[in-house]
Amino acid sequence: YNISNITFITGYNPSHIGGLGDLIETATQIINHSVSEFDFKAILFQIHSEIKTKKVILVGYSQGTLYTNEIYNYLINNGIPKKSISVYNVATPVNYIAGNGDYATSPNDAIINNVRDYAIKLKLPQPLSSNINIPINKDEQKSPYFGHSFQENYLKNSSDFIALKINRQIKKLEISSNATTINSNCFNPP
């Protein structure tokens, strides 16, 4: 794909309390009652000065997919037109993709399957159904996190599928006649 006119920006949320903070935050995000906006706001501040475009696609992975949904909703309410932004999520524990975006989740993803099992037991919204079958090898099955690696599972085994879907979304995006200029910030920070 021609990606010469695409800029990649990373919004990163580091682990907190040895990962325990992330588990608590993820659980509360899944039921739409986040305990903290710290990471959400930190990600917005990370990307704010770098976004100088009229089209945006948010790509999230795992817990990051919860943030892409939140960030999408924030951005459309703070300066970015709906027709110029989209979401693509990978290995998503959520039950929807903001803005009718798209996703890739494998039925062989142990983390997402665990989230699904807990959601069923607790009568909470379940993650979206799997839509791409990524095989795993016997050695990998020994890990409690098998099938969830962004690089070793999703990108290594389904990069064409993911790139095709993202490219389709990019082609659907439109530049709004009232979009901000390329030299100014595209949205208002929190």
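Where a number appears in this text, it was derived from the coordinates with a stated rule and is not lab data. Remember, it's a predicted structure, so these values are computed and weren't measured experimentally. Cβ placement follows ideal geometry from the backbone for every residue including glycine, while neighbour counts extend to all protein chains displayed.
Peptides 154-164, 117-127, 91-101: what's the order by average Cβ count within 10 Å, highest mean first?
Answer by packing, highest mean first, reads 91-101, 154-164, 117-127.
Please give, to one decimal in nm, the separation of the simple spin-label points placed at L122 and K142, each 7 Å out from Cα toward the Cβ.
3.1
By the scheme Lys and Arg +1, Asp and Glu -1, what is the net charge of all other residues having a beta-carbon under 11 Å from that of F146?
-2
Past 28 Å, Cα to Cα, is the threshold; run K55/K165; K55/K121; K121/K156 against it and keep the listed order.
Details: K55/K165 16 Å; K55/K121 40 Å; K121/K156 32 Å.
Result: K55/K121; K121/K156 exceed 28 Å.
Provide the net charge surrounding K171, with neighbours chosen by a C-beta distance below 14 Å and charges set as Lys +1, Arg +1, Asp -1, Glu -1.
+3
Quick one: which of 62-74, 131-143 comes out on top by average Cβ neighbours within 10 Å, and what's the full order, highest first?
Values: 62-74: 22.6, 131-143: 12.6.
Order by mean packing, descending: 62-74, 131-143.
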